[in-house]
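The values are calculated or read from the model by the stated rules, or taken from the named source; none is laboratory data. A quick note: this is a predicted structure, and the numbers were derived from the prediction, not measured. Note that each Cβ is placed from the backbone with ideal geometry, even for glycine, and that neighbours are counted across all protein chains shown.
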Amino acid sequence: MVCPLAKRDRIRNALLIAFFYFGLCLVSRAILSTIIGMSIITAMNQPLRTLGVAPNAWGVNDAIADLTRPSLTPHPITLTTETKSLRLDLVKSAILIIDMQNDFCHPDGWLAHIGVDVTPARSPIASLTSLLPQLRDVNVPVIWVNWGNRPDLLNISAGLRHVYDPTGAGIGLGDPLPKNGAKVLTKDSWAAAIVDGLNHEPEDIYIDKYRMSGFWDTALDSILRNMGKTTLFFAGVNIDQCVMATLQDANFLGYDCVLLKDCAATTSPDYCFKATIYNVNQCFGFTSDSQLLIKALKA
């Protein structure tokens, strides 16, 4: 028979042990919370590392992901156009140069091969040569948008191929040019390379396009949005075809569009150039020129 006193002692000892462990758990928990809290405080005081491209970048470290995306310091200018004076922010601006490449601008390229005088297509070279260094100096991205197809042409429709080879028996997309063997408008070929006379830099951005528009089926839109660009200057050839198609798509996507008319040209009849200027002013944006932009940059 168990003595009542012994039973009471066992109960008391059990309670004491339970209270001891309970207290130990509380102390341990408090110590752990303190350690965690100190670690968080330490981490919060550590510098954040940039993850991504400003102004769409995060700041991160072991404990923090800062998603506030601080705004960049504005760089406002006032640009004269044919219709209005524009107040714009260079931090939110980029220039797109469309199809200034050998197949469209060089005497040995595809356009010249089919009998087109490419002299007009070379006229933007002088204006761009003056303008681009000035834009780079104020950190406006220079984006080259050149037609450069996949060698297998698997994303090119018959309708698009027909533009370049309407009989099916000529030299069309992907075919070698007779003079130099370069494959027409093929990525990484001489035909798709930027024409001589235009200086392009490693920090410039290069986009391959596969349609008249530089936005269709390319990374151009996502790159511009990730970089926080909303105002686009347009240059290149042909002003009434690929430049206009790219500008229209930019307008439809919500970008502010400024066509630099002395930095763009066409081998089409002159009325095509005039109609493009009219339509841009009427429906899709604004027109200016490189000299007015340089003047605004220096003001």
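A compact table of results
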read-out	value
Entirely in segment 36-90, the strands (runs of 3 or more DSSP E) that have 2 or more residues that are in contact with a helix residue (DSSP H, G or I) (Cβ under 7 Å, 6 or more places away or on another chain) and at pLDDT 90 or above	76-80
Residue list for segment 118-132, restricted to those being out of contact with any Leu (no Cβ under 9 Å at 6 or more places or on another chain) and either touching a residue at least 60 places away in the same chain (Cβ under 8 Å) or exposed (fewer than 13 other Cβ atoms within 10 Å of the Cβ) (or both)	119, 120, 122, 123, 130
Considering residues of segment 58-80 that are within 25 Å of residue 286 (Cβ to Cβ) and β-branched (Val, Ile, Thr) only, the residue surrounded by the fewest Cβ atoms within 10 Å (Cβ to Cβ)	73
Candidate set from segment 91-109 (those that are of a type in the set (D, E, K, R) and assigned to a helix (DSSP H, G or I)); member that is nearest to the chain's Cα centre (by Cα)	92
Boolean, residue 231 is within 23 Å of residue 111 (Cβ to Cβ), touching a helix residue (DSSP H, G or I) at 6+ places or on another chain (Cβ under 8 Å) and not aliphatic (A, V, I, L, M)	no
Those helices (runs of 4 or more DSSP H) lying entirely in segment 110-194 with at least 1 residues among the polar types (S, T, N, Q)	124-137
Output for segment 228-287, where each listed residue is aromatic (Phe, Trp, Tyr), within 21 Å of residue 210 (Cβ to Cβ), in contact with a strand residue (DSSP E or B) (Cβ under 8 Å, 6 or more places away or on another chain) and not in a strand (DSSP E or B)	255
Count - residues of segment 288-299 that are in a helix (DSSP H, G or I) and more than 13 Å from residue 235 (Cβ to Cβ)	7
Pairs with Cβ under 8 Å, 6+ apart, first in segment 191-207 and within 25 Å of residue 181 (Cβ to Cβ) and of a type in the set (D, E, K, R), second buried (at least 17 other Cβ atoms within 10 Å of the Cβ) and modelled with pLDDT of 95 or more	196/106
Which numbered condition residue 185 misses (of (1) surrounded by 18 or more Cβ atoms within 10 Å (Cβ to Cβ); (2) in contact with a Pro (Cβ under 9 Å, 6 or more places away or on another chain))	(2)
